[in-house]
Amino acid sequence: MGSGLVTMDATALKIEAARIALSYVEDGMRLGIGTGSTANEFVKLLAERVAAGLTIVGVPTSERTASLCLQLGVPLATLDEVPRLDLTIDGADEVDAELSLIKGGGGALLREKIVASASKRMIVIADETKLVDTLGRFALPIEINPFGRRSTEMSIGDAASRLGLTGELTLRMTRDAPFVTDGEHYILDASFGRIPDPRALSDALHAIPGVVEHGLFIGMAHTAIIAGDGGIRTLHATPHQGV
C-alpha cells in the first residue's frame with residue numbers, strides 16, 4: 001500500500017478497510033452487517049459482489065443498515081430466521097491493542113452486540129484514528145430503559161466512582177427530544193476518559209437493572225482491519241483475549 005494511501009481522506013481509508021474485510025466473505029455465508037459510516041462502505045462493496053453473483057444472506061444491526069442493504073440489493077434475513085452467523089463485519093468507535101472495542105456512537109450498540117454474539121467470528125474495520133492505547137477517549141454509550149432514567153443515571157455514576165472513574169453522563173438528544181434507539185431505549189454517553197479496566201466496568205454496568213447494554217465489546221472481535229496513511233494493518237486477537 002505505502003505511498004498510495006498517503007493522500008487518502010477518511011472516507012477513502014474506510015473504503016480500503018472495507019475492501020480488505022470483503023475478502024473474508026465467502027459464498028454461502030450468513031453475515032452480520034454492522035452500522036455506521038465504515039460499515040456503510042462495506043455494504044456498498046458487498047452489494048457489488050452480490051450483483052456479480054456472490055450468494056450470502058445478511059442480518060443487519062440497525063434499521064438504517066437494513067434500509068441501505070435493501071436499497072442496494074443485499075439479501076436480508078432476521079436473526080430469528082438465521083440465529084447462527086458465520087461472520088459479522090462492523091466498525092468501531094475505538095479499538096485497543098487487545099481488540100477490545102467501544103461501539104455505539106451511531107446508537108445501534110444493543111443489536112450490534114446481539115449479532116456479534118451470534119457470530120462465529122467478528123471482524124472490525126476502522127481507520128487508524130480509532131486505534132487507542134486505552135479505551136475511553138470516545139464517550140462510552142450506555143443504553144438504558146427510559147423508565148427510572150434519573151435513578152439509573154445515579155447508579156451508573158456510583159458504579160463508576162467505585163472504579164475511580166469520573167466524568168459527565170449526557171443524555172443523547174435528537175433536536176429537543178431524547179434520542180431513541182431501534183429498541184426504544186435511551187442512550188447515556190459517559191465521558192469517563194481512560195478506562196483502565198473495561199471488564200470491571202462492564203460487570204458493574206450489567207449489574208444495574210436499568211442498564212440494557214453498553215458499548216464495551218470485550219473478547220468479541222477476532223480481527224481488526226485498520227486503514228491508515230501508511231497502509232492497512234490487520235490485527236488478530238490472541239487466545240488469552242477470550243475469542
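Once every Cα of region 138-197 carries one equal point scatterer and solvent is ignored, give the base-10 log of I(q)/I(0) from the Debye formula at q = 0.16 Å⁻¹, two decimals.
Values returned for q = 0.16 Å⁻¹ are -0.50.
Any chance you could run the full-extension gain for Glu168 through His236? It's 0.36 nm times the residue separation minus the Cα-Cα distance, nm to one decimal.
Extra length from Glu168 to His236 when fully extended: 21.2 nm.
Around Ile144, which amide H atoms from residues at least 5 apart in sequence, or from another chain, sit under 5 Å from its own amide H, with H modelled in the peptide plane?
Under 5 Å from the amide H of Ile144: Tyr186, Ile187, Leu188, Val212.
What is the spin-label model distance, in nm, from Val57 to Asp229 if the labels are put 7 Å beyond Cα along the C-beta direction?
4.5 nm
P(r) for the chain, please, calculated from all Cα pair distances in 10 Å bins and given in %.
Over the chain, the share of Cα pairs per 10 Å bin runs 8, 32, 35, 20, 5, 0 percent.
If you add up the charges near Gly193, with Lys and Arg at +1 and Asp and Glu at -1, over every other residue whose beta carbon is less than 11 angstrom from its beta carbon, what do you get?
With Lys, Arg at +1 and Asp, Glu at -1, the net is +1.
Expressed as a rounded percentage, what relative contact order does the chain have, with Cα pairs under 8 Å and six or more residues apart?
The value is 24 percent.
So what's the back-of-envelope 222 nm ellipticity for the chain, counting only DSSP H runs of four-plus at -39500 (n - 2.57) apiece and dividing by all residues, rounded to 500?
For the chain, the value works out to -9000 deg cm²/dmol.
Cα gyration tensor of region 102-146, axes a ≥ b ≥ c as square roots of the eigenvalues: rounded (a/c below 1.5), prolate (a/b > b/c) or oblate?
oblate
Just to check I understand the Karplus step: with θ = phi - 60° and J = 6.51 cos²θ - 1.76 cosθ + 1.60, what whole-Hz values come out for region 116-123, glycine and proline as x?
Residue by residue, region 116-123 yields 4, 5, 8, 9, 5, 9, 10, 10 Hz.
Expressed in nm to one decimal, what extension gain is obtained for the pair Glu48 and Arg84 from 0.36 nm per residue of sequence separation less their Cα-Cα distance?
10.5 nm
Values in this text are rule-based calculations from the coordinates and carry no lab data. Everything numeric here is computed off the predicted structure, so don't read it as measured data. No Cβ is skipped: glycine too gets one built from the backbone with ideal geometry, and neighbour counts run over all protein chains shown.
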